[in-house]
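See below for the structure under consideration.
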Amino acid sequence: QVQLVESGGGLVQSGGSLRLSCAASGNIFSFTTRGWYRQAPGKQRELVARILSSGTPNYADSVKGRFSISRDNGKNTVYLSMNSLKPEDTAVYYCWLRTGMTDYWGQGTQVTVSS
């Protein structure tokens, strides 16, 4: 079993920055994909960014150039640095980990961007 604990959400003005963290514990294998999803009210959950065990990142088009994902394998932690935030980035952000064929999710952290 794997547990994911997120931190770093909050309220920020448009154009501001936030950094989310997600620490993983439990039975974590070396080859995992980590990432962040988000879900805004009335919308489907969408992939924001992911990072492979190799360190290769992928981003949704809507956040390219503004968000950066990184991981510290020694700490089993993944980070999402969010810059130039926009009101449309407002959502609950969920940490995600895939190991083998199993997905794990964090409890979610609210990010609110005011205009």
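Quick notes
- Checked against the criterion of being touching a helix residue (DSSP H, G or I) at 6+ places or on another chain (Cβ under 8 Å), modelled with pLDDT of 95 or more, loosely packed, with under 15 Cβ neighbours inside 10 Å and not in a strand (DSSP E or B), region 91-111 has no qualifying residue.
- Residues of region 10-41 classified as open to solvent by less than 90 Å² (accessible area, probe 1.4 Å) and either assigned to a strand (DSSP E or B) or at pLDDT below 95 (or both), total: 19
- Selection within region 42-82 - open to solvent by 70 Å² or more (accessible area, probe 1.4 Å) and assigned to a loop (DSSP other than H, G, I, E, B): 42, 43, 44, 45, 54, 64, 65, 73, 74, 75
The values are calculated or read from the model by the stated rules, or taken from the named source; none is laboratory data. Please read these numbers as outputs of a predicted model, since none were measured by experiment. For neighbour counting, all protein chains shown are included, and Cβ atoms are generated from backbone atoms with ideal geometry for every residue, glycine included. The area values use the complete protein model at the heavy-atom level, side chains included, leaving out ligands, DNA and RNA. Shrake-Rupley method; radii C 1.70, N 1.55, O 1.52, S 1.80 Å.
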